[in-house]
Amino acid sequence: FRLLIVGVGECDNDEWWLIWEVSDLITTRYKVKPSTEKLIAQKHKVRFSKRKKEILGEMVQHHRYNLLKKGGDEEAGTLLFLYYRRRRPNLLSVLFLSLLSCTFILAPHLFSASSSLSHLCSFGVQNEGFVGNIDVNAPLCSSIPNGRICCDRSHFRSDICFMKGDVRTHSPSSSVFLYSSKSNNGFISYVSSMIDDGEQEEHDELQHEKIKPYTRKWEPSIMDTIDELDLISKRANLGVHHPCDVIHNVPAVIFSTGGYTGNLYHEFNDGIMPLYITSQHFNKKVVFFILDYRNWWVIKYGDIISHLSDHPVIDFTGDNRTHCFTEAIIGLRIHDELTVDSSLMRSNESIVDFRNLLDRAYWPRIRGLIQEEEQETVDKKMSTSPTSGSVFDYQARKPKLVILSRNGSRAIMNENSLVKTSEEMGFQVQVLRPERTTELAKIYRSLNSSDVMIGVHGAAMTHFLFMKPGSVLIQVIPLGTEWAAETYYGEPARKLGLKYIGYKIKGRESSLFDEYDKDDPVLRNPSSFTKKGWEYTKKIYLEDQTVRLELRRFGKRLARAYYCITGIHPQSSLE
């Protein structure tokens with residue numbers, strides 16, 4: 001047999017959750033798996049014995065009894081359990097059930113003067129949808145009632161769980177507890193005791209979920225290094241043994257700064273941007289709890305964090321106090337590489353809005369740096385000639401080009417010649433060598449005031465986020481990095497509104513040209529190696545390759561960038 005659960009009449013959130021939990025009890029207790037994803041109020045197709053049918057019949061009667069006892073409307077809240085054999089359905093039966101279902105569902109519309117019949121109703125064995133007041137396009141767990149834990153594990157990049165009600169942390173056991181007083185009129189408790197023959201659930205747990213709150217779910221090797229949290233729902237009376245030390249009147253967001261943290265690309269892609277996506281709608285009324293806490297990370301990104309939360313960051317593992325909330329989000333949502341998908345945001349925020357946040361975060365510090373430099377300039381003018389001012393003004397009118405300099409792998413070996421060529425073309429050139437300890441506000445200031453940025457593919461290219469929309473990004477693409485260069489930086493840069501120019505080097509511009517025969521597949525067919533896996537790409541093309549630009553060829557990209565900014569074709573000694 002199969003079971004089809006249909007809500008007849010108007011069902012509120014608690015009733016939909018009731019349907020879900022009943023199905024959970026049946027599938028869990030009898031070790032059977034639904035043949036489709038378990039979604040709220042969708043059909044749960046499982047096989048049932050005669051005894052299970054009797055149990056379900058008793059559950060219906062129990063639910064009706066409690067509903068009528070409390071003065072409820074039997075017609076509005078009744079759950080209709082329909083059984084049918086696994087065989088070709090009788091046509092007349094299907095038509096009758098379809099008509100009956102439509103009558104119940106459309107009754108409020110047919111007899112209401114303010115309503116109009118705007119939906120067609122259909123019902124059949126193959127229809128996986130349902131009709132009601134639920135937004136089927138909304139993300140999983142977008143709305144849950146008090147006393148519930150809901151986990152969305154549908155995304156291949158990350159899991160995210162929501163807890164609503166009496167939420168309390170317990171860092172010694174790496175747990176977050178939810179003490180629930182919800183009993184669904186005793187219905188779920190009744191079902192549990194009936195199915196378990198009166199036995200108590202182990203440790204009085206109502207629900208138990210596990211999650212590693214980091215956004216590289218698809219990468220097992222790195223997820224193995226992330227701390228795991230237990231999310232446990234218990235009966236409300238057990239909360240007396242777990243008193244609150246700190247009570248918060250704002251929600252909590254719990255996430256990890258482990259994994260690849262230490263690499264600029266991953267710090268933004270896996271951490272900062274997902275944190276923005278997940279928490280910005282709270283308007284800073286939120287507390288951040290961090291697993292795998294790193295103090296330097298909090299200091300480095302303190303300017304951004306302060307624009308996402310009004311509250312100090314808390315080390316989940318290091319703070320043994322019990323923190324209490326009415327709502328918590330565990331894990332972060334992530335959209336794509338270095339981007340914010342406006343279609344998935346509540347108020348249609350985009351990557352441009354994220355960059356505007358960076359602007360607000362860093363400009364207070366930048367103003368301080370400008371004031372310091374202006375004072376130094378005033379002091380210097382006391383001893384300079386009058387002509388120096390006109391030279392400064394002339395330099396200020398030149399388009400500014402920033403070269404992101406690298407040491408070691410993927411460095412530009414003829415960088416000095418590149419600087420000279422760029423200056424001859426009419427650019428004001430700045431060579432920027434960011435270090436791990438370089439203050440991000442200083443880097444932001446340099447790139448925010450630039451018109452063009454040049455860099456070789458690598459994590460430092462993440463700094464394109466600091467550029468103004470309309471600026472030009474030139475990415476030098478070494479051998480074997482074409483896909484990564486486009487996916488991680490090229491496409492996201494376009495979404496930000498930058499004018500992106502990719503420069504794919506030729507074999508003779510790579511240091512690998514001196515190490516391999518000119519007909520070697522490493523030079524002639526890099527994809528034959530990169531498709532073997534990350535380790536091949538990393539060893540051959542990322543760690544052992546430097547670049548020597550063919551400046552006459554590269555100069556065409558410089559000229560194109562100059563024209564994009566000024567509308568003028570530059571003069572160059574290369575021509």
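The values are calculated or read from the model by the stated rules, or taken from the named source; none is laboratory data. Values in this document were obtained by computation on a predicted structure and should not be read as measured data. All Cβ positions, even for glycine, are placed from backbone atoms using ideal geometry, and neighbour counts span all protein chains on display. When the accessible area is computed, the model is the full protein with side chains, heavy atoms only, and any ligands, DNA or RNA have been set aside. Shrake-Rupley method; radii C 1.70, N 1.55, O 1.52, S 1.80 Å.
Of all trypsin sites (Lys or Arg not before Pro) in segment 500-575, which ones are in loop regions per DSSP and have a Cβ with at most 12 other Cβ atoms within 10 Å?
For trypsin sites (Lys or Arg not before Pro) across segment 500-575 that sit outside H, G, I, E and B with at most 12 neighbouring Cβ atoms in 10 Å, the list reads LYS506, LYS518, LYS531, LYS532.
Which whole-Hz couplings ³J(HN,Hα) result when phi for each residue of segment 339-354 is put into the Karplus expression 6.51 cos²θ - 1.76 cosθ + 1.60, θ = phi - 60°, listed in order with x for Gly and Pro?
8, 10, 8, 4, 5, 9, 9, 4, 10, 6, 5, 10, 4, 5, 5, 5
How much of the accessible area of segment 400-566, in percent, comes from carbon and sulfur atoms when a 1.4 Å probe is used?
Carbon-and-sulfur percentage of accessible area, whole number: 46.
Can I get the semi-axes of segment 400-566's equivalent ellipsoid? Compute them from the C-alpha gyration tensor as square roots of 5 times the eigenvalues, in angstrom, largest first.
26, 17, 15
Would you mind getting me the FRET efficiency between SER181 and LYS442? Use the beta-carbon distance for r and R0 = 56 Å, nearest 0.05.
0.60
What is the spin-label model distance, in nm, from LYS539 to ARG508 if the labels are put 7 Å beyond Cα along the C-beta direction?
That separation, rounded to one decimal, is 3.0 nm.
Between ILE299 and MET413, what length in nm is gained on full extension when 0.36 nm per residue of separation is reduced by their alpha carbon distance?
Separation in residues times 0.36 nm, less the Cα-Cα distance, equals 37.7 nm.
Starting from 0.36 nm per residue, how many nanometres of slack lie between THR225 and ASP319 once their C-alpha separation is accounted for?
Result: 31.8 nm gained on full extension.
Could you compute the net charge surrounding CYS161? Neighbours are other residues with a C-beta less than 14 Å from the C-beta of CYS161; K and R count +1, D and E count -1.
Local charge sum for CYS161: +1.
Measuring from label point to label point, each 7 Å out along Cα→Cβ, what is the SER449 to ARG153 span in nm?
5.2
Taking H as built 1.01 Å from N, whose amide H comes closer than 5 Å to the amide H of SER180, not counting residues under 5 places away?
Placed amide hydrogens put LYS234, ARG235, ALA236 under 5 Å from SER180.
Once amide H atoms are placed 1.01 Å from N in the peptide plane, what residues at a sequence separation of 5 or more from GLY165, or on another chain, have their amide H within under 5 Å of its amide H?
Here the answer is GLY147, GLU327, since their amide H atoms fall under 5 Å of that of GLY165.
Please compute the modelled spin-label separation between ASP520 and HIS241, points set 7 Å along Cα→Cβ, answer in nm with one decimal.
Result for the modelled spin labels: 6.6 nm.
When the chain is fully extended, how far beyond the present Cα-Cα distance does TYR563 get from ARG397, taking 0.36 nm per residue of separation?
That works out to 58.3 nm of additional length.
I need to check one value: relative contact order of segment 400-566, counting alpha carbon pairs closer than 8 Å and at least 6 residues apart, in percent.
Relative CO of segment 400-566 lands at 26 percent.
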